[in-house]
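Written out below as structure tokens is the structure these notes cover.
Nothing in this text is a laboratory measurement; each read-out follows from the coordinates by a stated rule. Nothing here was measured: the structure is a model prediction, and the numbers come from that model. Note that we place each Cβ from the backbone using ideal geometry, even for glycine, and neighbour counts take in every protein chain shown.
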Ligand code: CAO
């Protein structure tokens, strides 16, 4: 008799392949224990303290299209003056201009969270990946520096960091920090506030993606994500958001720098 339409044929009745028996995993080398010291030990201390802070996060995206063009032009000018001009000096100067409007983000809180000191100097710490590990030297008094002066100072700190020669003078008195992980990769980060500071920003990689322009047409845009963390005992979300909006405005429309630079 004819077989039913979906009856198994001799080919589909093949037995399942036997499972592969794996040899028990053997360690390739030996365990190695090292003592935590130097920069890593300092990171243990700082991050353990930081854990006491009730963090809140706030993120946004920044359209960097105009700044990408502007930096391309200014990079050549900076090179003529012997300086490397990355995006960081713009991020740092824009942060300082925005801190002038929202000074609570440049404040220090004491250990018992009873007093808040509004810091006069904008000493902006820059998280730096060095052969020794994470260090955070500060570009000091950014409120009085031009973008090019910030670049010069950052160049100096970066050279010292790479050579493992950053001293206490450069590593102390940070009042606010930025951590740009975008030169390595990634989009979002969750930065950790370093006490006694109350806020920090983390920057992702600038990516070329489609966005609607002002004519509602799809165009190519350079987008970067920013992730802010703040100490929620002394900073509220609305203040962080207003600060971020202003910082973002300077970067998205970099001509506005001209109006507020002193
Ligand atoms: N998106 C796209 N490109 C970026 C970028 C970003 N967010 N950030 C940097 N770049 C580019 C720079 O423009 C530069 O390109 P050009 O040669 O065209 O100028 C290149 O990447 C290398 O930049 P850089 O690293 O030498 O300089 P920088 O000023 O941008 O950054 C520093 C300096 C110290 C922030 C960075 O070197 C660094 O160490 N980042 C890691 C920080 C870190 O570890 N954070 C985590 C802290 S928590 O553990």
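Please report, in cubic angstrom per residue, the volume enclosed by the convex hull of the alpha-carbon atoms of region 57-254.
With only Cα atoms used, region 57-254 gives 121 Å³ per residue.
Placing a label point 7 Å from the Cα of residue 236 along the Cα-to-Cβ line, the residues of region 186-216 whose backbone N sits under 19 Å from it are 198-199. The residues 177, 86, 100, when put in order of fewest to most other Cβ atoms within 10 Å, stand as 100, 86, 177.
Taking the C-alpha atoms only, the angle from helix 38-50 to the longest principal axis of the chain is near 90 degrees. With a Förster radius of 30 Å applied to the C-beta separation of residue 258 and residue 213, the computed FRET efficiency comes to 0.80. Between the helical axis of 147-162 and the longest alpha-carbon principal axis of the chain there is an angle of about 60 degrees.
Relative protection proxy for 66-74, 25-33, from highest mean packing down: 66-74, 25-33 (other beta-carbon atoms within 10 angstrom). Only DSSP H runs of four or more residues enter the estimate; each adds -39500 (n - 2.57), and after division by the residues of the chain the mean residue ellipticity at 222 nm equals -10000 deg cm²/dmol. Computed from Cα positions, the angle between helix 88-101 and the longest principal axis of the chain comes to roughly 60 degrees.
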